[in-house]
1. To the nearest 20 Debye, how big is the dipole of the chain about its Cα centre, given +1 on the beta carbon of each Lys and Arg and -1 on that of each Asp and Glu?
2. Whose amide H sits under 5 Å from the amide H of residue 79, counting only residues 5 or more places off or on another chain, with H placed in the peptide plane?
3. Give me the 1.4 Å probe accessible area per residue for the chain, excluding ligands and nucleic acids, in Å².
4. List the residues, sorted by chain then number, that are 5 or more residues from residue 73 or on another chain and whose placed amide H is less than 5 Å from its amide H.
5. List the chymotrypsin sites (Phe, Trp or Tyr not before Pro) within region 33-89 that DSSP assigns to loop and that have no more than 16 neighbouring Cβ atoms inside 10 Å.
6. Please report, in Å, the Rg and the Dmax of the chain, where both are computed over Cα atoms only.
7. Ordered by residue, what ³J(HN,Hα) values in Hz, to whole numbers, does region 13-30 give under the Karplus form 6.51 cos²θ - 1.76 cosθ + 1.60, where θ = phi - 60° and Gly and Pro are x?
8. Between residue 33 and residue 89, with labels modelled 7 Å along Cα→Cβ, what's the label distance in nm to one decimal, could you check?
Amino acid sequence: MAKPCEDLSGLTPGDFPPQRTPDACEECLKEGTFWVALRECRSCGHVGCCDSSTGKHATKHFHDTQHPVMRAVPPANWVWCYVHEAQGVLE
């Protein structure tokens with residue numbers, strides 16, 4: 001059995017900061033491109049598009065910043081850790 005990801009342990013919705021660009025991908029807005037779904041960074045509130053989107057800006061944000069955890073936007077009950085490639089749920 002896989003060890004639980006410590007980055008996801010005990011997270012609640014209140015652990016996420018306000019979104020920097022509510023309901024929009026920050027980079028897609030600048031580029032004039034479109035997104036499929038959005039992800040919010042737990043560390044800084046950056047909103048980027050998911051990997052099904054052309055830009056894959058949420059994953060690029062992780063590679064640029066090493067901020068490990070994100071959640072779906074609009075806020076969903078699940079979270080993802082890029083470092084451990086693990087999914088969890090908010091408490």
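The values are calculated or read from the model by the stated rules, or taken from the named source; none is laboratory data. Given the structure is predicted, the values throughout are model-derived calculations rather than measurements. FYI the Cβ positions are ideal-geometry reconstructions off the backbone, even for glycines, and counts take in every protein chain you see. Ligands, DNA and RNA are excluded from the accessible area calculation, which covers all protein heavy atoms including side chains. Shrake-Rupley method; radii C 1.70, N 1.55, O 1.52, S 1.80 Å.
1. On the way: 8 positive and 12 negative charges, 14 e Å.
That gives the chain a dipole magnitude of about 60 debye.
2. The list, which skips near neighbours in sequence, is 88, 89, 90.
3. Details: 5340 Å² over 91 residues.
Heavy-atom SASA per residue in the chain reads 59 Å².
4. 38, 39, 40
5. Numbers: sites: 34, 35, 62, 78, 80, 82; in loops: 34, 35, 82.
Answer by residue number: 34.
6. When restricted to the Cα atoms of the chain, Rg and Dmax are 12.5, 44 Å.
7. In residue order, the calculated couplings are x, x, 7, 9, x, x, 5, 5, 10, x, 6, 8, 6, 4, 6, 4, 4, 5 Hz.
8. 3.4 nm
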